[in-house]
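The values are calculated or read from the model by the stated rules, or taken from the named source; none is laboratory data. What you see is a predicted model; the values in this text were computed from it and never measured. Cβ placement follows ideal geometry from the backbone for every residue including glycine, while neighbour counts extend to all protein chains displayed. The protein model used for the area step is the full one, side chains on, heavy atoms only, and it has no ligands, DNA or RNA in it. Shrake-Rupley method; radii C 1.70, N 1.55, O 1.52, S 1.80 Å.
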Amino acid sequence: MPLNSIINLMKTQDVDIVFLNDPKNVFYVSSYRSDPHERILAAVLFKDSKPLLFVPALEENDARNTAAEFDVVSYMDTQDPWTILATSIKERHSSLADWSIEKDFLTVERMEALRTHFPTATFGHNISKTLQEMRLIKNEQELTFMKEAGHWADEALKIGAKTLREGITELEVVAEIEYQLKKRGVAEMSFTTMVLFGENAASPHGVPGDTKLKQNQFVLFDLGTMHEGYASDVTRTLFFGDKPSAHQQKIYDLVLTAHDAAMAAVRPGITAGELDAAARTIIADAGYGSYFNHRLGHGLGQGVHEFPSIMEGNGMALIEGMCFSIEPGIYIEGDIGVRVEDCGFVTAEGFESFTHTPTGIDAYSKLID
């Protein structure tokens, strides 16, 4: 269990307290999932006492019903949460000297609040890297959740494809996807759904708007869903029309070739940088290297962007259970944008994808059958 692993690590490093403030890490150690907005949510771990889960009062019952291994302490909006938290910590632990914190998440304001209440403590230990490494390898239950999230991402693409018609706007397609998913019980997307028509897809992080769909355009879908706290992420570029131009066919085929080459190259032991090169070299050799302007992929789990980064220069060797996306693309401003993405995990044999929507420039016809 992550909780036990961290507590054992605290003992070997002589750390008195681990303070977790990132809701994803709180969920990872406690199984309690929350979006506290501006309120304070924290998991406080001790090496010789029962851990503490600190939540807003309106979440107390849910926390108690979920995090059985934790003492749950809550606070009202009218109270000073830091005073209540500090009192609760001091009641549970005699030594408060050496703290480990999430240096990649804890804000300056919250760090100052901790220093105010624990003026003699040191905060030199960083638990962030340890948690990144622990969350890097997914267990069977986590993989099951991510496979289900991938299934619903595939369903979202089917909905989107069947929604397409000449004159519909990007935002109307987004609205139909999310409406139909909610009717089927999918409560949450893993990030803001992206649907982009024609040259709008040349912006890798474009924003859907009131652009209307025309014949013989590409439609780029980039979306994902959440299932039991775990994310999926998929991109398909569908051709809507009678026949693609030679230019459209060339760019699409090049991106798909790079995507397929990277998918086939995954194996335990290959580095993240080598995997990036498996796709990037194909696009660069064809003369479009400058138009592939992002990394090949990113880690995936509770968050849609996690560790590791599948990019040039990353010498990390991939091992079984790592989850990430593979998403080469070509983006020519004012002209065309194509990306093909699947997410999955490393196996002993290679790469198993969570997403299975057809690829190929004729994929649209397959999705609407």
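Among GLU155, GLU349, GLU274, the largest mean-square fluctuation in a Gaussian network model of the chain (Cα springs under 10 Å) belongs to GLU349.
If you build the convex hull over the alpha carbons only and average its shadow over all orientations, what do you get for region 1-73? Give it in nm² to one decimal.
Averaged projected hull area, Cα only: 4.4 nm².
Using a probe radius of 1.4 angstrom, the carbon and sulfur fraction of the accessible surface of the chain is 49%. Put simply, region 145-242 fits an ellipsoid with semi-axes of 23, 13, 11 Å; these come from the alpha carbon gyration tensor as the roots of five times its eigenvalues, largest first. Shape of region 1-149 from the C-alpha gyration tensor: oblate (a/c of 1.5 or more and a/b not above b/c, with a ≥ b ≥ c the square roots of its eigenvalues). Taken per residue, the accessible surface of region 214-299 reaches 37 Å², heavy atoms only and a 1.4 Å probe.
Under a 1.4 Å probe, what is the accessible area of region 19-60 per residue, stated in Å²?
With the other protein chains kept in place, region 19-60 gives 35 Å² per residue.
Between beta-carbons, use under 14 Å as the cut-off and find the net charge around SER203, counting Lys and Arg +1, Asp and Glu -1. Please report the intermediate quantities before stating the final value.
Numbers: positive: ARG339; negative: GLU170, GLU199, ASP222, GLU333, ASP335.
Charge balance in the 14 Å sphere: -4.
Please state the charge dipole magnitude for region 131-261, taken about the Cα centre, from unit charges on C-beta atoms (+1 on K and R, -1 on D and E), reported in debye and rounded to the nearest 20. Before the final figure, lay out each step's value.
Values: 14 positive and 20 negative charges, 70 e Å.
Approximately 340 debye in magnitude.
In this structure, the amide hydrogen of GLN217, modeled 1.01 Å from its nitrogen in the peptide plane, lies closer than 5 angstrom to those of PHE240, counting only residues at least 5 positions away or on a different chain.
Could you sort 324-335, 171-182 so that the peptide with the highest average Cβ count within 10 Å comes first and the rest follow in order?
Top to bottom by mean Cβ count within 10 Å: 324-335, 171-182.
Tell me the per residue accessible area of region 124-185 using a 1.4 Å probe; a whole number in Å² is fine.
Details: 3020 Å² over 62 residues.
Each residue of region 124-185 exposes 49 Å² on average to a 1.4 Å probe.
Where does the charge balance sit around ASP35 when Lys and Arg score +1, Asp and Glu -1, over other residues with C-beta under 14 Å from its C-beta? So the environment of ASP35 carries a net charge of -2. Between 0 and 90 degrees, the angle of helix 2-13 with respect to the longest Cα principal axis of the chain falls at about 60 degrees.
Take the convex hull of the alpha carbons in region 114-179; its mean projected area over all directions comes to 8.8 nm². From most to least packed by mean Cβ count within 10 Å, the peptides 213-224, 352-363 give 213-224, 352-363.
Magnitude of the Cβ-charge dipole of the chain, K/R +1 and D/E -1, about the Cα centre, nearest 20 debye?
Numbers: 32 positive and 54 negative charges, 33 e Å.
It works out to roughly 160 debye.
In debye, nearest 20, what is the charge dipole magnitude of region 63-203 about its Cα centre with +1 on Lys and Arg Cβ and -1 on Asp and Glu Cβ, if you could check? Before the final figure, lay out the partial values.
Details: 16 positive and 23 negative charges, 52 e Å.
I would put it at about 260 debye.
Taking a Cβ cut-off of under 9 Å around CYS323, the surrounding Lys, Arg, Asp and Glu residues balance to a net charge of -1, with basic ones at +1 and acidic ones at -1.
Counting only alpha carbon atoms, the long axis of helix 140-163 and the longest principal axis of the chain meet at about 40°. For region 69-116, run through the GluC sites (Glu not before Pro) and keep only the ones in DSSP coil with at most 15 other Cβ atoms within 10 Å of their Cβ. Sites meeting the loop and neighbour criteria: GLU69. Over all orientations, the chain has a Cα convex hull whose mean projected area works out to 20.0 square nanometres. Annotation: peptides 310-320, 185-195, ranked by per-residue average of other Cβ atoms within 10 Å with the highest first, follow the order 185-195, 310-320. Apply the a/c threshold of 1.5 to the C-alpha gyration tensor of region 182-290 and tell me whether it is rounded, prolate or oblate. In terms of gyration-tensor shape, oblate.
Inter-part distance, region 175-191 to region 339-368, computed on C-alpha centroids, equals 21 Å.
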